[in-house]
Structures are given as structure tokens and as C-alpha cells.
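Nothing in this text is a laboratory measurement; each read-out follows from the coordinates by a stated rule. Quantities reported herein were computed from a predicted structural model and do not represent experimental measurements. Cβ sites come from the backbone with ideal geometry, for glycine too, and all protein chains shown count toward neighbours.
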Amino acid sequence: MPEKTTISVIKCDVGSLAGHHTVPKPLLEIGEECLRKAEKEGIINSHYVFHAGDDLELLMIHERGESNREIHKLAWDTFQKAAKKARDLKLYGAGQDLLKTAFSGNVRGMGPGVAEMEIEERGSDPIVIFAADKTEPGAFNYPMFRIFADPTNTAGLIIDPDMAGGFKFEVLDSIKNKKITLKCPEEMYELIALIGSPSRYIVAHVRRARDNLICASTSTTKLSLIAGKYVGKDDPVAIVRAQHGLPALGETLVPFMHSYFVEGWMRGSHWGPLMPVGLKDSKCTAFDGPPRMVALGLQIAHGKIASDDHGNPLISDLFDDPAFDLARREAVEYAVTLRRMGEFEPARLGSNIMEYTTLPKLLERLKDKFKPA
Ligand SMILES: [Mg+2]
């Protein structure tokens, strides 16, 4: 029987240092402490705590399946504990993503972002965890398309017989809360028609068409749709499997050799260039950005992250590499160009998206000043 293992990445902005900048050490230590205890108690098999900008990220490996109450409660309690510390330290936006007060069995819809994937372990199972700050789940649409549907990105789509038949994309309509599955290459144009609008349509899962093997899973939370008002961007996470009839690790990373534009950045209200960075640069600065993404490479082995002899998980900081220097340089150049535009579109998001920001409050104040033209 193949081993069934679940990868859960649950993230939350519980408060950050010096504005929406970075997660300070005391909060990361709380994350580490809570997950280490859970590992000892047998709730999870292994873990890794890191941060993407101001978001605390909990990577947990276990055998309890997706949407498991105990796993979600562990994440929720850890975030509560970290938020308490953030309040004690008067960190910025302490507890900002914890939108509900009482845990109701699943953190989905309560503020934290969740990407989960239950896999049947293959002979070797390379995994990439992507985590971004100052953007939203639709930020993965473009790279997911490149990785799993674009033969100019993924050579395997052309030359690997195990990939013949292509991949199926499950797309969420985040406004109507409906989903649709489209298969590539046959329905590629329809797919682009939808996911080319990343603020509404979000790639939630990707599966290999011929056998339904799960290949990618993203977080699809829309905080503004939960809270009914702007409460920060839904900084996303994604889990991608690589190799053996799936895109190679390098094919999952090559879309990030160039910067591309995503929604988010300052006050979640601007287009910004995505900058792939190593963990040491996972902190947002200029105009609260530019939006950043980290990528961690690991192997799943017997229900755990493959670890060294001391039990330390073997994690590779994939964007900590000169191969992404050009993308970083481009991101800075694009950022400077956009900022020259100030608060004029297209630097600022279109007015339909601004409805979910703090702008309507300002418009409300001006309402009575408008006279018939
Ligand atoms: Mg954030």
C-alpha cells in the first residue's frame, strides 16, 4: 500500500515588526515551540516554520488528511499564541488576520491562508512550497499556467511521454464561490480567458489528466470577502510536486527568472512586480514591497520531511540563487517605473477592485459634495 501523507501549509499575519515588514524572531520561536510540541505528541510527523514578509508560515507534515480538525486547531492555537506575543510587544497589526474569535473546526474562512495536499508517496517525492507576501492567491495563476500548460516553459509537456495528455486546472470563481475544471491543452484558451483575471479566478488545484494525480494546490482565501471590508491582502501559499511524469523542479522555477505583475503591494491597492527572494530577503520594504515570493525545496519520505541524522528537515532555499538576479533587477526597475505614476492607474488598481479597499470610506465623505453636472 502506498503511504498516504498530507502536506499542510497554514499561514497568518499575526503581527509584524516595524509596520508590514517582517515577522520577528520571538513569533517564529513560538511557531517552532508549538509545532515541536505537536510533533512530540504525535499530532504531526515533522514541520518547518518560516516567514514570507510579515506572514508566519507553518509547514506541517502528517497523516491526518486535508481539512483535519486537529491540524487546523494546532495552527489556530499557534497563531493565537503568537498574536498574544505580538500584542504584548505592540507589534504592528497584531492578530490582524484572525478574523473570528472562536475556532469552529477549520481555519478556512477564519482569516489564515491554507494550502493542503494529501499524496500517495511516490518512490521519491520532490516538493516545492511557494509563499508570497503583499499579493493575493491569483498571483499563482501565471506561473501555474506556465508550469503545467505552456510547452515553451516546460519541456516535459513535449518530450516526456508520462506527461502526455496534459493537466487539469481546477479554477475557483472567488466572487460566485463556484469552481470549474478545464483541461489543457484542449481548453487552454478558455483557461486563459478565466485565469487572466487573477483577482476573480484563482487556480486552486492542478491534476495530471491521465490519472488525476494531484500536482499543485494553492490557498484561495479572500479576506475581504470574509470580513466584508479591507483587512489586508490574502498573501498566498502553494504546494507543487515535481519530477517523475510531472514538471521537473527546474521547470517549476523557470517562470520566476523574470518578474511579472501582481495585485497587492502598498495597502493591497497597487500593481507591483513580483520579486523572487531567498529567505534572508523575505521582508518587505520599499512601498511595503515589492511583493515577494520565497520557494522551499524538500522531499517527502515516509510521512515526514526528509531530515538529517539529528532530525533537522532538509530544506533548500530555492530562490537564494544568482539565477534569479535578473528577475530581482527587473522587479526593482518595474517598481520604480510604476511608482513614478503615483496614485494614477495603472499603478493603482482599477476602481472595481478598489471597492474592497479603504477607498469607499473616502468616497462616502465626498458624496454630498457632488452636484448634478
Ligand atoms: Mg502579509
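Worth pointing out:
- DSSP loop chymotrypsin sites (Phe, Trp or Tyr not before Pro) with at most 12 other Cβ within 10 Å: longest gap in the chain: 1-343
- Per-peptide packing, taken as the mean over residues of other Cβ atoms within 10 Å, places 11-20, 307-316 in the sequence 11-20, 307-316 from highest down.
- Relative contact order [Cα under 8 Å, 6+ residues apart], the range 80-203, whole percent: 18
- Annotation for M341 and T101: the two label points, set 7 Å from Cα along the Cα-Cβ direction, are 4.3 nm apart.
- Once the Cβ-Cβ distance of K361 and E186 is raised to the sixth power relative to R0 = 51 Å, the FRET efficiency obtained is 0.65.
- Around the amide H of I43, modelled in the peptide plane, lies no amide H under 5 Å away from a residue 5 or more places distant or on another chain.
- Quotient of the Cα radius of gyration of the range 91-155 and 2.2 N^0.38 Å, N being its number of residues: 1.55.
- For the range 4-364, the residue among A164, Y142, P236 whose Cα projects farthest onto the positive side of the dipole built from Cβ charges is P236.
- Potential extension, I214-D281 segment - 0.36 nm per residue separation minus Cα distance: 21.0 nm
- Rg/Rh (Cα only; Kirkwood hydrodynamic radius) as it applies to the range 4-364: 0.94
- Placing +1 on each Lys and Arg Cβ and -1 on each Asp and Glu Cβ, with no other charges, gives the chain a dipole about its Cα centre of roughly 1580 debye.
- 3J(HN,Hα) couplings calculated from phi for the range 177-187 with the Karplus curve 6.51 cos²θ - 1.76 cosθ + 1.60 (θ = phi - 60°) are, in sequence order, 6, 10, 10, 9, 10, 10, 9, 10, x, 4, 10 Hz; Gly and Pro show x.
- Ellipticity estimate at 222 nm from DSSP helix runs (n ≥ 4, -39,500 (n - 2.57)) divided over the chain, nearest 500: -7500 deg cm²/dmol
- Cross-link pairs exceeding 32 Å between alpha carbons, from the set K176/K369; K40/K100; K4/K85; K73/K280: K176/K369; K4/K85.
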